[in-house]
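> Below is a structure I'd like to ask you about.
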Amino acid sequence: MRLILNLIWLVLSGFWLAVGYVVAGVVCCVLIITIPWGLASFRIANYALWPFGRTVVDRPGAGAPSLLGNIVWIVVAGIWLAIGHVVTGVLLCVTIIGIPLGVANFKLVPVSLMPLGKEIVPAA
């Protein structure tokens with residue numbers, strides 16, 4: 001079932017959301033000082049391509065630097081990526097078959113707002 005949901009996700013929204021994360025990551029890496037945000041963006045792009053069967057957890061040991069970095073991220077790119085997830089989630093929830101995909105989009109909103117200090121792990 002995860003494979004089917006991931007394939008449908010990839011076609012309907014995953015590819016476009018991953019492109020948004022990759023663009024944000026490239027911009028962050030070009031600016032040199034924002035490379036940590038770029039790397040986090042690339043990790044989340046990978047997650048946005050294939051989300052079912054994986055989950056996001058807090059990274060142990062992430063402290064104040066992650067919090068400060070997340071505040072900067074929200075201002076620079078996080079808000080726009082979160083809006084993309086909300087809009088795509090609402091559009092997917094219009095159809096009955098798209099409801100699980102819409103819910104998955106809503107689950108990506110917190111990590112799109114605060115990616116530092118998070119890890120993507122296989123779901124249990």
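> Can you tell me which of (1) modelled with pLDDT of 90 or more; (2) hydrophobic (A, V, I, L, M, F, W, C); (3) within 14 Å of residue 20 (Cα to Cα) is the one residue 76 doesn't meet?
Residue 76 satisfies all of (1) modelled with pLDDT of 90 or more; (2) hydrophobic (A, V, I, L, M, F, W, C); (3) within 14 Å of residue 20 (Cα to Cα) except (1).
> Is it fair to say residue 99 is open to solvent by 40 Å² or more (accessible area, probe 1.4 Å) and modelled with pLDDT of 85 or more?
yes
> Under 12 Å from the mean Cα position of the chain (by Cα), surrounded by 15 or more Cβ atoms within 10 Å (Cβ to Cβ) and more than 19 Å from residue 8 (Cβ to Cβ): is that true of residue 24 in this structure?
yes
> Report every pair of residues separated by at least 6 positions or lying on different chains whose Cβ atoms are under 7 Å apart, first residue within the stretch 93-104 and touching a residue at least 24 places away in the same chain (Cβ under 8 Å), second of a type in the set (Gly, Ala, Ser) and part of a helix (DSSP H, G or I).
What qualifies is 101/13.
> Kindly indicate whether any position in the stretch 39-46 is surrounded by fewer than 21 Cβ atoms within 10 Å (Cβ to Cβ), of a type outside the set (Gly, Ala, Ser) and over 16 Å from the mean Cα position of the chain (by Cα).
No, because not a single residue in the stretch 39-46 is surrounded by fewer than 21 Cβ atoms within 10 Å (Cβ to Cβ), of a type outside the set (Gly, Ala, Ser) and over 16 Å from the mean Cα position of the chain (by Cα).
> So residue 66 passes all but one of these: (1) open to solvent by 40 Å² or more (accessible area, probe 1.4 Å); (2) in contact (Cβ under 8 Å) with a residue 24 or more places away in the chain. Which condition number does it fail?
For residue 66, the failing item is (1).
> Which of (1) under 16 Å from the mean Cα position of the chain (by Cα); (2) in contact (Cβ under 8 Å) with a residue 24 or more places away in the chain; (3) surrounded by fewer than 19 Cβ atoms within 10 Å (Cβ to Cβ) is the odd one out, the single condition residue 84 does not satisfy?
(3)
The values are calculated or read from the model by the stated rules, or taken from the named source; none is laboratory data. Given the structure is predicted, the values throughout are model-derived calculations rather than measurements. Note that each Cβ is placed from the backbone with ideal geometry, even for glycine, and that neighbours are counted across all protein chains shown. Each accessible area value is taken on the protein alone, full model and side chains, heavy atoms only, with ligands, DNA and RNA left out. Shrake-Rupley method; radii C 1.70, N 1.55, O 1.52, S 1.80 Å.
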